Structure formats: structure tokens, C-alpha cells
Amino acid sequence: MTEALIRPRPDETMRLARVHGPGDVRLDAVPVPGCGPGEALVRVGAVGICGSDLGYIAQGGLGGSEPLKQPLPIGHEFAGTVVAVGAGVQGVSPGLRVAVTPDRAYIGGGGPDGAMAPFIRVAGAELGETLFALPDSLSFAEAALAEPLSVALHGLRVAQVTAADKVAVLGAGPIGLCAVVMLRHLGVKDIAVFDRVPERLDRARALGAGLAINVAEESLPDALARFHGRGARFGSPYVDTDVFVDCAGSAPALAEAIGVAKYRARFAVIALHHKPLTLDLWRMMANELTIAGSIADARAAEFGEAVAMLAQGRQDLAPLISHRFAFDEFHNALAVAADAARSAKVILDFPEDA
């Protein structure tokens, strides 16, 4: 089997999810990839559906003004088993169970390979950089969470979060929920989460948020003043929140948080903002606010830390995975993932004998 995968016959094909245009995603029959120098071929065990996958499908590509020149493979949150390695790959053998960071080859994000398929080629195969070994006790579905968890952790590192910080998370979608998990991992206790979807807020509470507020029922400033404390500076009220983690992509929500941020509060912008935001630069200057973006590129250290945390199994992450579907139910899984009231992280599973 391994030799056939290294040198696939012309008739060996698999189904790969690819975006062809706005709202047009298909499971295309494509050749099973080969395995060249420096590469590993991984049989996918599970892959998560990310909000960016849904965005690529909706907009018909990566979001630029140019139309697609060729179909865009998607899928970047995944784990599986190495079935073949190319020349020059050290310390990696067929049979190794791994989680894979997509950064180096832009897997599922503009590169030639996507993980919503039974097999995927991993370029630059290197333990501790692109491939992370998994214990047998960790399921592929759980291991696939390493990617979104490391996205959240990278944002928290950018904001220099410490266990003593009081933190507010804007948005309780999958990345916001992952932020709650990684805040708990870092020892943070004073975690407030804001959203408009009751089911998401329930999941945030279950994962360890001390406060989960529906902003349709109570404003962010009022809730944070009650939970984290309040004060005034230059005649303006502030809340005693140390760090704001933007996982919502809502310009009004971020502007509201900046408007009540205290002296030297920090912001990590993890969410995608599709339109420019007008900032209160006077307040930013007067309160010495730090606002940093976080795209979670080149985050091997955080990815490895997320894998290690998952392997330890100290946190109950059951509320994070809301649904699991067989790959054959691909389009149904996409519909569920797009429904914020029904889903958190949606996982696609592949049969062991793919």
C-alpha cells in the first residue's frame, strides 16, 4: 500500500473538497498525492471545519479581488497516520500518529493541498515543526483541535497573558471557546465571555468561563464593571479588565471595549475583520493601550503546547466538539457548522480502512 501511495497509478483517485466559486464547494475526484523528497503522506483520521473554510466557500476563494484560477483545496485542522515518507525526512516512519500544523505549506489556505480528503501530502515534514507525534490514547478528533487551540494560544501569547490577568473574550464561536480553554490552561481564573447566542454562552460556561453574558441582555461595560471592577481616568469610566481577546470580528464590539479599557490594557485581535474600523486614537494614546493582531503563522511552539495539553487530558473538552460526521456526510456537516445556534467545533471522521 505504501509503495502504491508513493507512486500512485493513474487510476488511483480520492475525493478532495475544493472551492470552485462563491457558494460552490465540491468533492472532486483527484489523484492520490505522491510523496516526494522532504514530504510525508498522511492518511487523515479527522478534520475540523473552521470558520475560515466556511468563509472561503461563501466568498469563492481566499477573499481577494481576483477570481480563482483553479479550485481551492480546503481543510487545515487535522490529524492522522503517516503512511509514507520521502527522501530526507528524519525520525518519521509509516504508522506514526500525528497532528499537523498547516503553516509551512499553507495547507487548506491557498496551498496545493487540503485536508478534507482521505490522504494529504505534507511538505516540509519535520517532527516538532509540521508533524507532532500523538499518544495512542488521544483520538484523531481531539488531536484535530490542536490547530484552533494553538490559534487561540498564539493570540494569548501576543497579548502577554498571565495567570493573574482578568480577561474578556469577545465572541464565543469555536475560536472564542478555544481561547477559554487555553486561558484555563494558562491558569487564568477571571474569564468573561460575550456573545449573542445562548448555546455558545452555555458552552463557554461549561469550559470554565466565570461570566458568560448575552450582550442583548446586558452591556459589556456593565457586565465587566460588575465582574472585574471599575474606575475612572481623565474623567472617563473604565473597567478593570487587563486583556481583551477579540474573537468576534465585530467592529462595534471592539470599539466599545476600547472605549472602556483601562490604562495599559492589552488587546489581541484574532478575529477576521472584513471592514476598516475607526479607532478612538485619543483614548488609545491617553490610556497607552496595546492592540496587536494575531494570525497564528509560524506557531510551532504553541501547536506543540496544545498537543501536549490535549495528551494530558486534564480538561474536559467535550463541550468544544458539538458534532461529528462521517466524511460521506460532508455537505450536511457544512450546514451544521454554519449554524451558530447548533454547533461549536464540527469534526469530519474518516474510516480507518480508507
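Highest mean packing comes first when the peptides 51-58, 303-310 are listed by Cβ atoms within 10 Å, giving 303-310, 51-58. Coupling constants for the stretch 258-274 follow from the phi torsions by the Karplus curve (6.51 cos²θ - 1.76 cosθ + 1.60, θ = phi - 60°), and in residue order they are 4, x, 10, 6, 7, 4, 6, 5, 10, 10, 10, 9, 9, 5, 7, 9, 8 Hz; glycine and proline get x. Normalising the average separation of contacting C-alpha pairs (under 8 angstrom, six or more residues apart) by the number of residues puts the relative contact order of the chain at 16 percent. If you fit an axis through the alpha-carbon atoms of helix 174-185 and take the longest principal axis of the Cα set of the chain, what angle between them do you get, 0 to 90°, nearest 10? For 174-185 against the chain, the angle is about 80 degrees. Applying the criteria of a DSSP loop state and at most 13 other Cβ atoms within 10 Å to the trypsin sites (Lys or Arg not before Pro) of the stretch 137-201 yields Lys189. The Cβ shell under 11 Å around Leu145 holds other residues with a net charge of -2, Lys and Arg each +1, Asp and Glu each -1.
Based on the alpha-carbon gyration tensor of the stretch 103-203 and its eigenvalue square roots a ≥ b ≥ c, which shape applies: rounded if a/c is under 1.5, prolate if not and a/b is larger than b/c, or oblate? Note, shape of the stretch 103-203 comes out prolate. Only aspartates and glutamates eight or more places from Lys69 in sequence, or on another chain, were considered; those with a Cα closer than 17 Å are Asp24, Asp28, Asp113. Highest mobility in the GNM of the chain, judged by mean-square fluctuation with C-alpha springs under 10 Å and restricted to Leu272, Leu16, Leu320, is found for Leu272. Ligands, DNA and RNA are left out, and with a 1.4 angstrom probe the accessible area of the chain is 43 Å² per residue.
Which of the lysines could a cross-linker bridge to Lys189, judged by Cα under 24 Å and excluding same-chain residues fewer than eight apart? Correct list for Lys189: Lys166, Lys262, Lys345. Database remark: amide H of Asn287 closer than 5 angstrom to no amide H (H placed geometrically; neighbours at sequence offset of 5 or more, or on other chains; Pro and chain starts carry no H). Take every Cα pair under 8 Å whose residues are at least 6 apart in sequence, average their separation, divide by the length of the stretch 1-142, and the relative contact order is 28 percent.
When peptides 117-129, 285-297 are ranked by their average number of other Cβ atoms within 10 Å per residue, the highest-first order is 117-129, 285-297.
Antiparallel beta bridges, as assigned by DSSP with both residues in the chain, represent about 60 percent of the total such bridges.
Using every pair of distinct Cα positions in the chain, the Kirkwood expression returns a hydrodynamic radius of 21.0 angstrom. Across Ala133, Ala152, Ala79, mean-square fluctuation computed from a Gaussian network of the chain (C-alpha pairs under 10 Å connected) peaks at Ala133.
Taking His154, His76, His228 as the candidate residues, the one with maximal mean-square fluctuation in a Gaussian network model of the chain, Cα springs under 10 Å, is His228. Rounded to the nearest whole Hz, the Karplus-based 3J(HN,Hα) values (6.51 cos²θ - 1.76 cosθ + 1.60, θ = phi - 60°) of the stretch 48-57 follow the sequence x, 8, 9, x, 5, 4, 5, x, 4, 5, with x at glycine and proline.
For the stretch 127-186, the fraction of 1.4 Å probe accessible surface lying on carbon and sulfur atoms is 50 percent.
The values are calculated or read from the model by the stated rules, or taken from the named source; none is laboratory data. Since this is a predicted model, take the numbers as computed values, not measurements. Quick reminder, even Gly has a Cβ in these numbers, built from the backbone with ideal geometry, and neighbours come from all protein chains shown. Side chains are part of the model used for accessible areas, which takes the heavy atoms of the whole protein and leaves out ligands, DNA and RNA. Shrake-Rupley method; radii C 1.70, N 1.55, O 1.52, S 1.80 Å.
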